[in-house]
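This report concerns only the one structure given below.
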Amino acid sequence: MSRVSGSLWSVYGLAFIIAAAGFFVAWQFVGPPPPKTFRLAAGAKGGAYYAFALRYAQFLEQRGVRVEVLETSGTVENLRLLRDPVSGVDVALIQGGVAGDAVAPGLAGLGSVCLEPLWVLLREGTTAAVFGNLKDKRVAIGLEGSGTHELSLRLLEANGIGRQAPGLLPLGGSNAVEALLDGRVDAMMTVASIDAEIVKRLLSDNRVAPFSFARADAYARRFRFLKAVRLPRGVIDLAHDRPPQDLALVSPAATLVARDTFHPALADLMLQAAAAVHASGDLLSDPGQFPSPLYLDFPLSRDAQRYFKHGPPVLQRFLPFWLATTVDRVKILVVPLLVLLMPIFKIVPPTLNWRIRGKITRWYRRLYSIDSRVEGADAAAALALLDEIEGVEREVLRVMVPLGYADQLYNLRAHIVLVRNMILARKHRLEQGRSGPARG
């Protein structure tokens, strides 16, 4: 390889090394790829949370992410699993109001996905104008550890009814329903969707009257995870006029809560899944209302904040999920590499030009040195100069330069030929001088 082509490789090689070093440094700031599977704590089979989780899983699996849906006893267990670092649970469905004031560090809300009212159902003959009137009543407040139990106690305490009040009974589900209908309790509480069978059953029973929260707006102001909702008369069953009057209810929201280590790309995908499942709305929410950044008792994650402000990532709207996340991860390399490479490639051409011109100039120095010795050379010196110029010519003939520098190379080769011809002419004159007198 010639010295000029070697210069070419050395200049571009140096540029490549600098670029590779910049790439390596920038790569340290590229986050890991999203995992291909994660665990979602849902709820009991047959329940709304479990059904939601299965629909989320179907959405994600269509995009190449496997979701392991865990059957649990409900919100309280979901929260415990999420707080347990060895459980392997990454995301959970949590009923609003259960976390209390001691929200665990390391957890963040992705958003609320639907409203689930707190239904307070009174046995026929039981009256209560406000929540505090339940103080002397027998009230089924849900099984211990259930979301209904925790929320009921918080609201009762806000009305001056302590957790140890003798009338508060840990009954839930079908046991609470039977106790209410049999007269063993005066009221029961349950957090359930408007479509839940237990709600439809009790609202259609003339022995049961739903409690209307006269101060629903006050509860929503005091507890940010609650929303005051109005249930119009007859909305559940027009034919049988259920409910028989407008109801004011307070409703926590079902929320998606994740560890703060949950991958940002999966957080975006979970919210897209929630939008696909819940965006159509229901009797309590308008289309497009959910998922929402409201009604949370966990701080909203930064990924969710970005989602609710800007929507799904642009790349995920047009590319398959895994391709979009790969491009999104490596885009962090583009700006620093451009910043690095632009000046490098501005410097490379003049540097290369300087190196090539330097090499050609050195040949011209040799050529000038040979040229300066031609006129004074004797026969032996002329032969030596001829050998020297032919050596330079052989060396130059092996040179490869970029096309933009070809004119300089061909000028050099033309000048080599010129000097060689001068040497040959000098040699010829010397030979003529020796032979001339002999012929006379």
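List of remarks:
- Residue within segment 286-297 that is under 17 Å from the mean Cα position of the chain (by Cα) and in contact (Cβ under 8 Å) with a residue 12 or more places away in the chain present: no
This table checks each residue for (1) buried (at least 18 other Cβ atoms within 10 Å of the Cβ); (2) in contact with a Lys or Arg (Cβ under 6 Å, 6 or more places away or on another chain); (3) more than 30 Å from Asn206 (Cβ to Cβ).
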position: Val235; (1), (2), (3): no, no, no
position: Gln245; (1), (2), (3): no, yes, no
position: Thr255; (1), (2), (3): yes, no, yes
position: Pro264; (1), (2), (3): yes, no, yes
position: Val277; (1), (2), (3): yes, yes, yes
position: Leu284; (1), (2), (3): yes, no, no
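- Residue list for segment 206-233, filter: in a loop (DSSP other than H, G, I, E, B) and either free of Cβ contacts under 8 Å to residues at least 24 places away in the same chain or surrounded by fewer than 16 Cβ atoms within 10 Å (Cβ to Cβ) (or both): Asn206, Arg207, Ala214, Arg224, Pro232, Arg233
- Single condition Gly46 does not satisfy, out of (1) under 24 Å from the mean Cα position of the chain (by Cα); (2) free of Cβ contacts under 8 Å to residues at least 12 places away in the same chain: (1)
- Condition met for Ala165 (modelled with pLDDT under 95, aliphatic (A, V, I, L, M), more than 26 Å from Leu284 (Cβ to Cβ) and under 45 Å from the mean Cα position of the chain (by Cα)): no
- Residue list for segment 87-133, restricted to those being without any contact (Cβ under 8 Å) to a residue 12 or more places away in the chain and more than 27 Å from Leu271 (Cβ to Cβ): Gly125, Thr127, Asn133
- For segment 57-86, the set of residues classified as closer than 16 Å to His263 by Cβ and free of Cβ contacts under 8 Å to residues at least 40 places away in the same chain consists of Arg66, Val67, Glu68, listed by residue number.
- Residue check, Val185 part of a loop (DSSP other than H, G, I, E, B), touching a strand residue (DSSP E or B) at 6+ places or on another chain (Cβ under 6 Å) and buried (at least 19 other Cβ atoms within 10 Å of the Cβ): yes
- Qualifying positions in segment 73-83 - of a type outside the set (Lys, Arg), over 24 Å from the mean Cα position of the chain (by Cα) and surrounded by fewer than 24 Cβ atoms within 10 Å (Cβ to Cβ): Ser73, Val76, Glu77
- Scanning segment 398-426 for residues that are under 60 Å from the mean Cα position of the chain (by Cα) and under 16 Å from Tyr364 (Cβ atoms) yields Val399, Val401, Tyr405, Asp407, Gln408, Leu409, Tyr410, Asn411, Leu412.
- Take the conditions (1) more than 25 Å from Val113 (Cα to Cα); (2) assigned to a loop (DSSP other than H, G, I, E, B); Ala176 misses just one of them, which is (2).
- Candidates Ala44, Ala140, Ala92, filtered to the one that is surrounded by 22 or more Cβ atoms within 10 Å (Cβ to Cβ) and farther than 14 Å from Met188 by Cα: Ala92
Yes/no per residue for (1) out of contact with any helix residue (DSSP H, G or I) (no Cβ under 7 Å at 6 or more places or on another chain); (2) among the hydroxyl-bearing types (Ser, Thr, Tyr); (3) touching a residue at least 40 places away in the same chain (Cβ under 8 Å); (4) assigned to a loop (DSSP other than H, G, I, E, B):
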site	(1), (2), (3), (4)
Leu180	yes, no, yes, no
Val199	yes, no, yes, no
Val235	yes, no, yes, yes
Gln245	yes, no, no, yes
Thr255	yes, yes, yes, no
Phe262	yes, no, yes, yes
Leu266	yes, no, yes, no
Ala273	no, no, yes, no
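- Check on Val374, of a type in the set (Val, Ile, Thr), out of contact with any Pro (no Cβ under 6 Å at 6 or more places or on another chain), surrounded by 11 or more Cβ atoms within 10 Å (Cβ to Cβ) and without any contact (Cβ under 8 Å) to a residue 40 or more places away in the chain: no
- For segment 53-168, the strands (runs of 3 or more DSSP E) that sit wholly inside it and include 1 or more residues that are under 15 Å from Ala41 (Cβ atoms) are 66-70, 91-95, 107-115.
The values are calculated or read from the model by the stated rules, or taken from the named source; none is laboratory data. Here the structure is a predicted model, which is why all the values come from computation and not from measurement. Virtual Cβ from ideal backbone geometry, glycine too; neighbours counted across all protein chains shown.
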